[in-house]
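Q: Sharing a structure here in structure tokens format.
The values are calculated or read from the model by the stated rules, or taken from the named source; none is laboratory data. What you see is a predicted model; the values in this text were computed from it and never measured. Please note: Cβ atoms are built from the backbone with ideal geometry, for glycine as well, and neighbour counts cover all protein chains shown. Ligands, DNA and RNA are stripped out before the accessible areas are found, and what is left, the full protein with its side chains, is counted by its heavy atoms. Shrake-Rupley method; radii C 1.70, N 1.55, O 1.52, S 1.80 Å.
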Amino acid sequence: TDETFLNFDGISYGKGAAVLKQLVKTMGEDGFKEGMRVYFRRHRLGNATLADLLAALQGASEVDLVHWAARWLKTAGVNTIGAEWQADGARLETLSLTQTAPDTNPVLRPHRLEVALIDATGALRVVPGTIEKAVSPVADTADTVAPVFVYPNHGDHAYAKVRLDEVSIAWARRSLPSIDDTLLRQQVWASLWEMVRDAELASTDYLDLVRRHLPGERNLTIVQMVGATVAGAIARYVPEDLIDSERSRFVAEARKAIDSAPAGDLKVMWARALISEARSAADVRLAAGLVDVPPDGLAIDQDMRWIVSVRWAEFAMEGTAERLDSERRRDPSDRGDRAIQRAEAVTPDAQTKDEIWERLHGSGYGSLHMGMAAAGGFWRRSQRDMLESFVPRFFDGLPNVFSEWEPEAARSYYTTFFPTYRIDEDTRARVGALLARGDLGSMLVRKLTETADDLDRALRSRAFATPEPIPEPGTEPDDPVTPGPTDSPADD
């Protein structure tokens, strides 16, 4: 039962929908529709299997769908698609698609897709492409103007990650907002984010792109999607010693974006993003100014007020009790109860932390939601030194939590109470030591395995984004290379 509940996730739903879209692209829309009509007629008022579905679709397809399904539906992992191309002056000379798979699931799959080519004038051309092996040439490129940007999944038909080439990344740095196709613009942002997570683009470079281009974006879906990646980029993929400065730079940019955005949802999105990333006393004061005296056109809700108030308590700033009392009178609901509990848990006081710990692991809070509200306020990066003594107690106690608590409570405990700010080799070693025990239940093993993968990814991304050390005076090479006439500075 535990394993079953753990399997209802984004892979089941997101990948399922995406694979169906790839099947439509593979068969053609008319063939897919006809195959589905046959399927519904043949099995109306009855049960059917995957084999029945494939048999109905096969009659309308020239593709071996049994082989297709074996590659797509019975193997794990996701492929990464890239483009390799060369230009001869003003014309495109060669264009090939590349495909890779992770070492843990080295399966290459057949992809039918479209390749977007943008030239120096901003004109967009779309050509069809197919890849099944590691490399496949794209045939329909005769008389094509040399591109400045190539995206090998226009229309989002392939279930794959996209790795942009260096020329395309450089163009996106300068000109990403000039892509008129809204879906393509959104896909490019998503691919840049995936490249950060795969340690192929520095998190600091990505955040620079966000600060540079997102404030001028007017599509709500894109602002919401990209804005949601900022917290993860800063907290997990930026090197530890750069986190505070990157957060404050984003908060400052978000404050300017609030003033420039039109009244309504865009202002609200930027306000939420600012409040979410206000993690220093100075930035919390800036966020408090927004909720206390909102600028024209910005609607402030109670959730924003509570976040600011809890952060105010985290830094024990002057007037904390008065601010919390004011919001409690404004919101006497269950939400207010949980916010007050979270505010107590974030208090930077060792005795208070001890009391929260003992109650959470002892008599409890009367309900799972109240307990998780306290758990959600316990760990704070700003209080790291104070909290270090609790780290071994957390990891030592995990097996008992998962063997003694109800499954829903144990899952919530792990998700809410894990010290996620600790992205270091010590935390990775503690997770690995638990996994090596061999006597844990399936639910805890699944959680720890996912955490180990996430930590490995974060550590790689942080290392990739760590600046090279500046040589000490007198240690530079004797013969530094001087840029020649064909060299140009890196895009800033």
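Q: Rounded if a/c is under 1.5, else prolate if a/b beats b/c, else oblate: with a ≥ b ≥ c from the C-alpha gyration tensor eigenvalues square-rooted, which is segment 59-208?
A: oblate
Q: For the pairs LYS161/LYS267; LYS33/LYS74; LYS25/LYS161, flag any whose C-alpha to C-alpha distance is greater than 20 Å.
A: Check vs 20 Å cut-off fails for LYS161/LYS267; LYS33/LYS74.
Q: Calculate what fraction, in whole %, of the accessible area of segment 262-368 sits on carbon and sulfur atoms when a 1.4 Å probe is rolled over the protein chains. The partial results should precede the final answer.
A: Numbers: 2480 of 4970 Å².
Within segment 262-368, the accessible surface is 50 percent carbon and sulfur.
Q: To the nearest 20 Debye, how big is the dipole of the chain about its Cα centre, given +1 on the beta carbon of each Lys and Arg and -1 on that of each Asp and Glu? Don't skip to the answer; put the middle values down first.
A: On the way: 58 positive and 77 negative charges, 358 e Å.
Around 1720 debye, computed over the chain.
Q: Same structure, new question: Bin width 10 Å, origin at 0, all Cα-Cα pairs of segment 10-131: what percent of pairs per bin?
A: Bins of 10 Å from zero give 11, 34, 30, 18, 6, 1, 0 percent of pairs.
Q: Using the Cα centre of the chain as origin and beta-carbon charges of +1 (Lys, Arg) and -1 (Asp, Glu), tell me which of TYR206, THR141, PRO128 is placed farthest towards the positive end of the dipole.
A: Value computed over the given set: PRO128.
Q: A further question on this structure: Looking at the calculated P(r) for the chain, what percent of the C-alpha pair distances fall above 35 Å?
A: Percent of Cα pairs beyond 35 Å in the chain: 47.
Q: What does the convex hull of the Cα atoms of segment 360-477 come to per residue, in Å³, rounded to a whole number? The partial results should precede the final answer.
A: On the way: hull volume 16.4 nm³, N = 118.
Hull volume over Cα atoms, normalised by residue count, gives 139 Å³.
Q: Now for a separate question. Can you compute 3J(HN,Hα) from phi for each residue in segment 155-160, using the Karplus curve 6.51 cos²θ - 1.76 cosθ + 1.60 with θ = phi - 60°, rounded to whole Hz and x for Gly and Pro?
A: Whole-Hz 3J(HN,Hα) from phi for segment 155-160: x, 6, 7, 8, 7, 6.
Q: Which of ALA55, MET27, ALA17 sits closest to the plus end of the dipole of the chain, meaning its Cα is farthest towards the positive end, when Lys and Arg get +1 and Asp and Glu get -1 on the C-beta?
A: So the residue we want is ALA55.
Q: Please give, to one decimal in nm, the separation of the simple spin-label points placed at VAL401 and ASP301, each 7 Å out from Cα toward the Cβ.
A: Result for the modelled spin labels: 2.9 nm.
Q: Please work out the Cα convex hull volume for segment 244-396 and give it in Å³ per residue.
A: It comes to 122 Å³ per residue, whole-number rounded.
Q: Within segment 7-103, what whole-number % of the accessible surface is contributed by carbon and sulfur, with the 1.4 Å probe and all protein chains included in the calculation?
A: Heavy-atom surface of segment 7-103 belonging to carbon and sulfur, 1.4 Å probe: 55 percent.
Q: Okay, next question. Express the carbon and sulfur contribution to the solvent-accessible surface of segment 394-469 as a percent, rounded to the nearest whole number, probe 1.4 angstrom. Write down the numbers at each step before the final one.
A: Values: 1850 of 3760 Å².
Carbon with sulfur: 49 percent of the solvent-accessible area.
Q: Expressed as an acute angle from 0 to 90° and rounded to the nearest 10, what is the orientation of the C-alpha long axis of helix 265-277 relative to the principal long axis of the chain?
A: Approximately 60 degrees, to the nearest 10.
Q: How far, in degrees from 0 to 90, does helix 16-27 lean away from the longest principal axis of the Cα atoms of the chain, to the nearest 10?
A: Result, in degrees: 10.
Q: Per residue, how much accessible area does the chain have with a 1.4 Å probe, in Å²?
A: On the way: 24690 Å² over 492 residues.
Accessible surface, normalised per residue, equals 50 Å².
Q: With everything on Cα atoms, drop me the angle between helix 368-378 and the longest principal axis of the chain, reported from 0 to 90° to the nearest 10.
A: 90
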